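Working notes, structure below.
Values quoted throughout were computed directly from the atomic coordinates according to the rules given, and no laboratory measurement underlies them. Only a predicted model underlies this, so the values are computations on that prediction, with no experimental measurement involved.
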Amino acid sequence: AMTDQEKAQRDKFVHEAKKSDYADQRKGGERGQYFADDNMSVDEMVRREKLSDRWDYEENMAMAGASSKRKAPEKAFDAEEDEYGSNLGNTLKKMESKDKKMKTADLEERAKRVAVQEHQRAEAATSRDPFNLDNPRFPRHALVAVGTRAYLMIQTKGRVCDGHCLIVPMALCPSTTNCDEDTLEEMRNFKKCLMQMYHTMDQDCIFIETATGFNRHPHVAVECVPLTRKTAANAPMYFKKALSECENEWEAQNKAVIDTRGVRKLSSKIPKNMPYFSVEFGLQGGFAHVIENEGAWSKHFGVDILAGLLRKDAEIIKRERSDIAHERRLCEMFKAGFEQFDWTK
């Protein structure tokens with residue numbers, strides 16, 4: 001560092017230089033001093049230059065030190081920010097990855113629980129299924145013929161008339177629209193055989209299906225009711241009128257009567273898992289109705305219409321019960337007439 005004496009000498013030189021910077025005096029016609037130090041000796045000039053260089057060096061170092069002190073905290077902060085920012089980014093990525101894994105695990109666990117619950121409900125429904133051939137309570141004495149995917153049995157309760165029977169898929173299925181092609185083909189084969197059998201008796205067949213309560217895992221059964229040809233000829237009119245009046249047309253969102261005549265597959269008219277009622281007159285199709293309000297729909301709708309057509313008391317038909325011995329005799333009589341048309345033989 002410079003002493004006070006050296007600083008005073010430096011200031012004196014600087015003051016004198018500024019005072020006479022542009023002095024231009026002529027004495028006796030000769031050029032005088034242009035700068036104040038024109039007559040300065042070489043030693044003085046060297047001494048002055050050393051003092052000036054030393055002062056400039058120390059001043060520059062002081063300014064650089066002050067600048068570095070101002071910038072150092074910023075650089076340190078940036079470095080710290082970079083360090084923690086990078087770690088924070090990696091931590092966030094790890095947390096996001098862990099969170100995704102946890103969410104995936106939760107979803108998988110939830111899906112497993114739902115699958116187990118569905119399986120348990122399906123098993124419970126199967127154990128309660130009245131049309132399950134493995135059910136101990138199934139009336140095997142009413143069984144007429146068994147295929148590979150469907151079977152035929154007589155109706156054991158609520159018979160509209162003699163020959164009232166059921167075509168049932170073996171697998172638990174809520175509706176024919178949900179059945180596979182092979183099952184539908186076997187059910188159609190049973191329909192053909194029944195029509196041939198009743199044709200020899202001068203009768204026609206009407207096939208009725210009610211598909212409701214899908215959440216309860218129901219087992220669909222298509223009812224086959226033989227009618228005299230004269231009575232069967234009036235059946236389309238009765239059913240069409242009843243279907244057009246069965247639900248409030250202002251509240252219904254679907255068409256009241258769906259014409260299925262000429263349609264081979266009902267699923268082309270009614271989507272899967274949608275409740276409906278269907279009636280077919282032989283194999284030519286018939287009418288269907290999408291059920292808007294299942295709670296208000298009677299599962300005996302078809303029986304009620306047929307009872308009116310046959311001029312019978314529907315309530316008596318619904319309450320009709322018979323003992324096993326009587327049902328066994330009815331089944332044996334049915335088998336005798338169906339045997340020559342049985343496609344499962």
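Could you give each residue of the stretch 309-325 its phi-based ³J(HN,Hα) in whole Hz, using Karplus coefficients 6.51, -1.76, 1.60 with θ = phi - 60°, and x for Gly or Pro?
5, 8, 6, 10, 7, 4, 5, 5, 4, 5, 8, 5, 9, 9, 7, 4, 4
Using Cα-Cα distances under 8 Å and only pairs 6 or more residues apart, what relative contact order does the stretch 139-341 have, in percent? Don't skip to the end; give the middle numbers.
On the way: 329 pairs, mean separation 53.3, N = 203.
Over the stretch 139-341, the number comes to 26 percent.
Pairs 192/230; 240/345; 265/299; 312/345: which are spaced more than 29 Å apart, C-alpha to C-alpha?
On the way: 192/230 20 Å; 240/345 37 Å; 265/299 23 Å; 312/345 36 Å.
Listed pairs above 29 Å: 240/345; 312/345.
Once phi is turned into ³J(HN,Hα) by the Karplus curve 6.51 cos²θ - 1.76 cosθ + 1.60 with θ = phi - 60°, what whole-Hz value does each residue of the stretch 209-217 show in order, with x for glycine and proline?
Per-residue couplings from phi come out as 9, 10, 10, 9, x, 4, 5, 9, 6 Hz.
Can you check what the Kirkwood hydrodynamic radius comes to for the stretch 139-341, Cα pairs only, in Å to one decimal?
Numbers: mean 1/r = 0.0576 Å⁻¹.
Taking every pair of different Cα atoms in the stretch 139-341, averaging 1/r and inverting gives 17.3 Å.
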